[in-house]
Amino acid sequence: MSQQRGVCFGGSAGYLAWFCGSTPQFDQLRVPPVQAQWNGQVIATSDDIVTVDGNAYFPLDALDPACIQPSDHTSVCGWKGTAHYYDVVGGGEVNANAAWFYPEPKEAAQQIKGRVAFWKGVRVG
């Protein structure tokens with residue numbers, strides 16, 4: 001029996017997928033952890049990343065709580081919902097509203113509930 005093989009990616013998790021007859025088989029590939037850094041400080045580290053619109057969303061528990069502070073800032077995305085923000089703290093400085101999350105995302109964006117993304121100079125890689 002011949003098997004077809006291919007690599008499929010979902011978020012940052014890679015899977016080796018093949019078919020045995022008509023039944024798909026999957027093996028998860030190990031993906032190195034992704035880090036978010038700002039001003040010489042590691043803000044978050046995780047190998048469980050969901051990518052939406054080119055942004056890496058980290059699980060909330062991957063963040064260093066000493067590196068974030070709540071912000072009152074919000075914004076609205078038509079398909080994701082209302083974003084709330086954190087200030088990012090590193091190297092003795094504050095990067096206002098540099099992290100965002102959707103506490104109650106719309107149906108189409110449920111995969112980012114409980115996750116945080118970064119911008120404003122925070123390096124992700």
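Run LYS80 past the list (1) surrounded by fewer than 15 Cβ atoms within 10 Å (Cβ to Cβ); (2) farther than 17 Å from LYS120 by Cβ and report the number of the one that doesn't hold.
Result: LYS80 fails condition (1) only.
Identify, please: which residue in the stretch 41-84 is among the hydrophobic types (A, V, I, L, M, F, W, C) and assigned to a helix (DSSP H, G or I) and is, among those, farthest from ARG115 (Cα to Cα)?
ALA66
Would you mind telling me which numbered condition in (1) touching a residue at least 24 places away in the same chain (Cβ under 8 Å); (2) of a type outside the set (Val, Ile, Thr); (3) assigned to a strand (DSSP E or B) ALA109 fails?
Here ALA109 clears every test but (3).
FYI, it's all coordinate maths here, none of it is from the lab. Since we're looking at a predicted model, the values are computed, not measured. Positions of Cβ are backbone-derived with ideal geometry, glycine not excepted, and every protein chain shown enters the neighbour counts.
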